[in-house]
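S.K.: My structure is below; once you've seen it, I'll send some questions.
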Amino acid sequence: MKSRFLSIQIKTFLVFGTFIALTLAGAGWGVSRYFESVARRQIERQQSDMVSLLASALDDKLFRHLDTLQAVARGIPGRAPSDPGTASAWLKDQRGIRALFENGIFLLRPDGRLLAANAVTPPSPALQAELHPFFQAVAASGDGGISEAYRSESSGAPAVMMAVPWIEQSSRVRVLLAGSIDLRHGDFLGAIVNRRMPDASHLSLIDAQGRILMHPDPTRILTRARHFEGWNSRTGLGVSGERRDASGILTLTSVQPLKAVPWTLAAIIPLSQAHAPIGRFRGYLRDATAAGVFATLLLAWLLSHGLTKNLESFTAQIEAAATQPVGQRRIQSRVHDETSILVDAFNGLMASLDDKAARLLQAKARQDEELALAKHVLQRLVEPGLRAMPDHLHMETLQTQRINGDACAYQEGLPGIHFGLICDATGHGLTAGISTLPAIQSFLGMVRRDIPLETIYAEINRKVLRMMPTERFVCLLLMRLDTQSGTLTVLNAGLPDAVLCTPQGGCRRFTSRNLPAGILVGLEAPVIETVKVAPGDRLLAYTDGILDLFPAEETDQVFLHGLERCPLGVHLRAVQETLSLAIANQEQHDDVSWALWEVPPPACVRPQVATSSLDASAMLLEDGFTLALTLLPHRHAVRDVLPEALRILSSHGLGVQAEQSLTLALTEALANAVDHGVLGLDSRLKEQGFEVYESLRNLHLAAIHEGYVKLTLRLRTLPSGPVREVDVEVEDSGSGFDWRAWEKGASDTLRPSGRGLLLIRALTTNLSFNEAGNRIRFTLPCD
Amino acid sequence: MTFTIQTDPQNGILRLEGTFTFDGHPVFKAATAAALEAGHPSLVLDLSEVSYMDSASLGMLLLLRERAQAKGMQVVLSRPSPTVMTILRVVQFGKLFDIRES
């Protein structure tokens, strides 16, 4: 997990480190810039001061020489020598002055002509001519002066001539005393030129005409120095600044004009050399900044670790806790700060979660147990019937992991009459399972007596309404297949269309036209559809869970088309495989219950109970025969006795209409004998629900060891003609009932019991009871 | 798929969206309780965006109908989607509710 993001320590370090590093770098840069600026100014000032000092020293020397000349000229008593011989001798005596002026000393007439010379080389006429204007100017001004520089004829070095007038007491200029200075001499420029300067640096002296008087390169002496033109004349003061020299090199140049002469002293230093200290300072500062940044980052890392170690520990413990089993997901804090609050909060949450998890597990276990119980109850209810289902009928429920309210049930009623129920209760889980119970119990309890579907539907509706809350209801589909009469009856209340297909491709749909059970108290007469069916016809019905898997419009195509001509086994496997595949490929939200029934050929009717199992006797009479059956307690099921009696009567030519009437009448009479006579059940128990009544009936049957029901059928031909009748007598071992009270209230259609007797009276004649009320007799026409 | 309800309390209309199953029970209960308190003559459930309903949701409709009737209100199921209309038709809810297909 850590690899996917930066840890909080790294983030803290990066934030603080970056901030501090940038701050230090910025501070370093600022300090560097400030000190560079200061250093530049300082270096410039130092160079300027140096040039100014050198210029001042040069001025001092020039003025001192000039003042010496003037002092000599003014301090000589007497007249000035006016002839060459006297002048020459005088000059020779002036050894002190001669030592100052290396090129020589001179006396000149006021008009500037040479009078005498004490020089290494007497000035040539050309030099005299060059200097003549200078001498004239000195004579005219009456004050000393310094000439323009010229090339010494003796040394070739630059030289200047100084001249002062020798003024007598009469204020008349008699002669000019002059001296020539070799500027290259050590007292003058030699000392400056030899001054130690950095490499590629030099001092330079330029006169007013821009000629170089001093330069490290002798070849440049008295040549033009163009790039210095105008410097001194521009300001008259010392100037320093950066400029490019003739070679294009950036230099720090300081110039200082002299006072004694219109010359300019310049110091030229390449900027790289001038600013070398700045470069060194910058290097030191960079190193110091780098060291500071490194030290700061190290400090930031240690600081961030100190700040975040508790949080890191908290995070690591949480990660580790995620892998711990429930109940052990706890973490610890060794310090008391904000993380300890987080730790306490986490542990509190975990404790709460653990508690909830434990409760959930318990609830899940209880739910599983309840579901298992509900499944068990449902299975116990429906499995016996489903197991007894003949091969031509198939019903099943494919449940999801939980119960979603689907169930199906099967029960054979009278022989050859099959009842089926598919139901889908509202909701999920145990409540849905509970909702189906009243429907299934009512169904199983009622179909054994061949009660009409509308009555079963009404009973289920009543029961669900009474037991379940408003939002709980049951969609259902009731089927009754009578293989004897070849009829199929369907009641659809809230389920998808059931479809009846014939082998010839005919199709009949049974659409839901009734409300699901458990919604309305006062149901209107249900819509029930009864159709004639033939062997090979197939009925497919299913709950809406199948619509989760297939669109409604595709179900016919998937489950019917082309399959109705296949053998039933093939058809069944095709449906099962299709459903299995669909369920495996997608999430199944709802249960799926489905039924596929094929109308069997008549031969497929379930084998009847063997006569030998009954205590029966038959006796042929002149006008017919008498059949007497005695039902022992373990044979008290009406459904086992009735078909046997009917079979025997049918073999003696019982008509169809008579068989139907006799079936109904005998069913009611035998049921009364068994239920109320032998078992002693009260009809009013039915008001609590048919399933309750049925359960009690089964309990009593299982417990009883004594009692009997005698059924006597007497088929006779009437004396008046070929018409035959059946006399029926049913006697039970019970204590009888108050038949007189029943006869008094027989007209009350709302009475809670006695409807069976009303049915018998409607279908038969000569209805009578014995005094005790444990025997009933009636007669039916045979044809 | 989620189930949501947008309410239009001024007109007493609830617009349901998504798969309406038992899981939508808390949302449905809260929304309809507020709508019932509003006291409109009729409570309209717009089902045009409901893709599927299960039996539990049908039960919720029945419960809503009962509560609405107790307050003298009528529940109208409006513009059900084709799938939902098929389900409503199968369970014959047309006998219980005013279903308006358009």
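S.K.: Once you keep just the Cα pairs under 8 angstrom separated by 6 or more residues, what percentage relative contact order results for chain A?
M.R.: In percent, rounded to a whole number, it is 8.
S.K.: Moving on. Of A:Ser254, A:Leu69, A:Ala119, which is farthest towards the positive pole of the stretch A:28-274's charge dipole, taken about the Cα centre with +1 and -1 on the beta-carbons of Lys, Arg and Asp, Glu respectively?
M.R.: Result: A:Ser254.
S.K.: I would also like to ask the following. Please state the charge dipole magnitude for the protein assembly as shown, taken about the Cα centre, from unit charges on C-beta atoms (+1 on K and R, -1 on D and E), reported in debye and rounded to the nearest 20.
M.R.: Computed about the Cα centre, the dipole is about 5340 debye.
S.K.: Starting with the fewest neighbours, write out A:Leu699, A:Leu685, A:Leu437 ranked by other beta-carbon atoms found within 10 Å of each beta-carbon.
M.R.: In order of increasing Cβ crowding within 10 Å: A:Leu699, A:Leu685, A:Leu437.
S.K.: Based on C-alpha coordinates, I'd like the Rg and Dmax of the stretch A:28-274, in Å.
M.R.: Gyration radius and largest Cα-Cα distance of the stretch A:28-274: 20.9, 79 Å.
S.K.: Continuing with the same structure: Please give the length that would be gained between A:Lys532 and A:Glu130 if that part of the chain were fully extended, namely 0.36 nm times their separation in residues minus their C-alpha to C-alpha distance (nm, one decimal). It would help to have the intermediate numbers written out before the result.
M.R.: Values: separation 402, 0.36 × 402 = 144.72 nm, distance 15.81 nm.
Stretched out fully, the A:Lys532 to A:Glu130 stretch lengthens by 128.9 nm.
S.K.: Using the scaling law 2.2 N^0.38 Å as the reference, what is the normalised Cα Rg of the protein assembly as shown?
M.R.: Numbers: Rg = 67.2 Å, N = 885, 2.2 N^0.38 = 29.0 Å.
This ratio for the protein assembly as shown stands at 2.32.
S.K.: Enter the mean number of other protein chain beta carbons within 10 Å of the beta carbon of each residue in A:496-508, as an integer.
M.R.: Numbers: counts 3, 1, 0, 0, 0, 0, 0, 0, 0, 0, 0, 0, 0.
Mean shielding by partner chains, rounded to a whole number: 0.
S.K.: Let me check I have the definition right: for the stretch A:388-604, take the eigenvalues of the Cα gyration tensor, multiply each by 5, take square roots. What are those semi-axes in whole Å, largest first?
M.R.: Semi-axes from the Cα gyration tensor: 25, 22, 14 Å.
S.K.: Only loop residues by DSSP count here, and only those with at most 16 other Cβ atoms within 10 Å; note down the GluC sites (Glu not before Pro) in the stretch B:2-102 that meet that. List each step's numbers first, then the result.
M.R.: Numbers: sites: B:Glu17, B:Glu37, B:Glu49, B:Glu66, B:Glu101; in loops: B:Glu101.
Passing both the DSSP loop test and the Cβ count: B:Glu101.
S.K.: Then there is this: Between A:Ala290 and A:Ser56, what FRET efficiency comes out of the Förster formula 1/(1 + (r/R0)^6) with R0 = 45 Å and r the beta carbon distance, rounded to 0.05? Walk me through the numbers before you get to the answer.
M.R.: On the way: r = 45 Å, r/R0 = 1.01.
According to the calculation, E is roughly 0.50.
S.K.: Can you work out D for the stretch B:3-100 in µm² s⁻¹ from Stokes-Einstein, where Rh is the Kirkwood radius over C-alpha pairs, the temperature is 20 °C and the viscosity is 1.002 mPa s?
M.R.: Value of D from the Cα-based Kirkwood radius: 165 µm²/s.
S.K.: Right, something else. If you look at just the Cα atoms of the stretch A:373-511, how large are its Rg and its Dmax in Å?
M.R.: Both quantities, over Cα of the stretch A:373-511: 14.8, 46 Å.
S.K.: Multiplying the sequence separation of A:Arg113 and A:Asp67 by 0.36 nm and subtracting their Cα-Cα distance, what value in nm do you get?
M.R.: Net length gain for the segment: 14.3 nm.
S.K.: Got a sec? Charge dipole of chain A, +1 on Cβ for Lys and Arg, -1 for Asp and Glu; which of A:Leu670, A:Leu478, A:Ile206 is way out at the positive end?
M.R.: Towards the positive end, the residue furthest out is A:Ile206.
S.K.: Can you list, largest first and rounded to whole Å, the semi-axes you get for the stretch A:324-386 by taking the square root of 5 times each eigenvalue of its Cα gyration tensor?
M.R.: Working: eigenvalues 445, 12, 5 Å².
Those come to 47, 8, 5 Å.
S.K.: Additional query: Karplus couplings for the stretch A:125-137 from phi (6.51 cos²θ - 1.76 cosθ + 1.60, θ = phi - 60°), rounded to Hz, Gly and Pro as x?
M.R.: Rounded to whole hertz, the list is x, 5, 5, 4, 5, 5, 8, 4, x, 5, 4, 4, 5.
S.K.: Another question, if that's okay. Compute the distance in nm between two label points, each set 7 Å from the Cα along the Cα-to-Cβ direction, one at A:Ala322 and one at B:Gln6.
M.R.: If labels sit at A:Ala322 and B:Gln6, their model points lie 3.8 nm apart.
S.K.: Continuing with this model, one more query. Pairs of Cα atoms under 8 Å, at least six residues apart: use those to get the relative contact order of the stretch A:28-274, whole percent.
M.R.: Working: 443 pairs, mean separation 48.1, N = 247.
Reported as a whole number, the value is 19 percent.
S.K.: Same structure, new question: Say each of B:Arg67 and A:Lys364 gets a label point 7 Å from the Cα, pointing the same way as Cα to Cβ; how far apart are those two points in nm?
M.R.: Between B:Arg67 and A:Lys364, the simple spin-label model gives 3.1 nm.
S.K.: Let me ask another. Return the sequence-ordered ³J(HN,Hα) values of the stretch A:505-521 in whole Hz as given by the Karplus equation 6.51 cos²θ - 1.76 cosθ + 1.60 applied to θ = phi - 60°, using x for Gly and Pro.
M.R.: Along the stretch A:505-521, the couplings run x, x, 9, 9, 9, 10, 7, 5, 10, 10, 5, x, 6, x, 10, 10, 6 Hz.
S.K.: If only Cα atoms are counted, what is the Rg of the stretch A:211-340, and what is its Dmax, in Å?
M.R.: 34.9, 105
S.K.: Still on this model: Can you compute the charge dipole magnitude of the stretch A:28-274 about its Cα centre, using +1 on each Lys and Arg Cβ and -1 on each Asp and Glu Cβ, nothing else charged? Give it in debye, rounded to the nearest 20.
M.R.: Here the size comes out at about 140 debye.
S.K.: Take A:Cys408, A:Cys507, A:Cys475 and order them by how many other Cβ atoms sit within 10 Å, fewest up front.
M.R.: A:Cys507, A:Cys408, A:Cys475
S.K.: Then there is this: For chain A, which longest stretch is free of loop sites, where a loop site is one of the GluC sites (Glu not before Pro) that DSSP puts outside H, G, I, E and B and that has at most 15 other Cβ atoms within 10 Å?
M.R.: So the longest stretch without any such site is A:230-523.
S.K.: Return a whole-number percent for the relative contact order of the stretch B:3-100, with Cα pairs under 8 Å and 6 or more residues apart as the contact set.
M.R.: Dividing the mean separation by the residue count of the stretch B:3-100 yields 27 percent.
S.K.: Once Lys and Arg get +1 and Asp and Glu get -1 on their Cβ, which of A:Ala374, A:Ala358, A:Ile331 lies farthest toward the positive end of the dipole of the stretch A:324-386?
M.R.: A:Ala374
S.K.: On to the next question. In which sequence would A:Arg509, B:Arg15, A:Arg40 go, from the one with the fewest C-beta neighbours within 10 Å to the one with the most? Display every interim value, and only then the final one.
M.R.: Working: A:Arg509 13, B:Arg15 19, A:Arg40 16.
By the 10 Å Cβ count, ascending, the order reads A:Arg509, A:Arg40, B:Arg15.
S.K.: Once the Cα gyration tensor of the stretch A:14-97 is diagonalised, what are the square roots of 5 times its eigenvalues, in whole Å and ordered largest first, as equivalent ellipsoid semi-axes?
M.R.: Over the Cα atoms of the stretch A:14-97, the semi-axes work out to 69, 9, 6 Å.
Coordinate-derived values only; no laboratory data. Since the structure is predicted, the reported quantities are computational estimates derived from the model, not experimental observations. Positions of Cβ are backbone-derived with ideal geometry, glycine not excepted, and every protein chain shown enters the neighbour counts.
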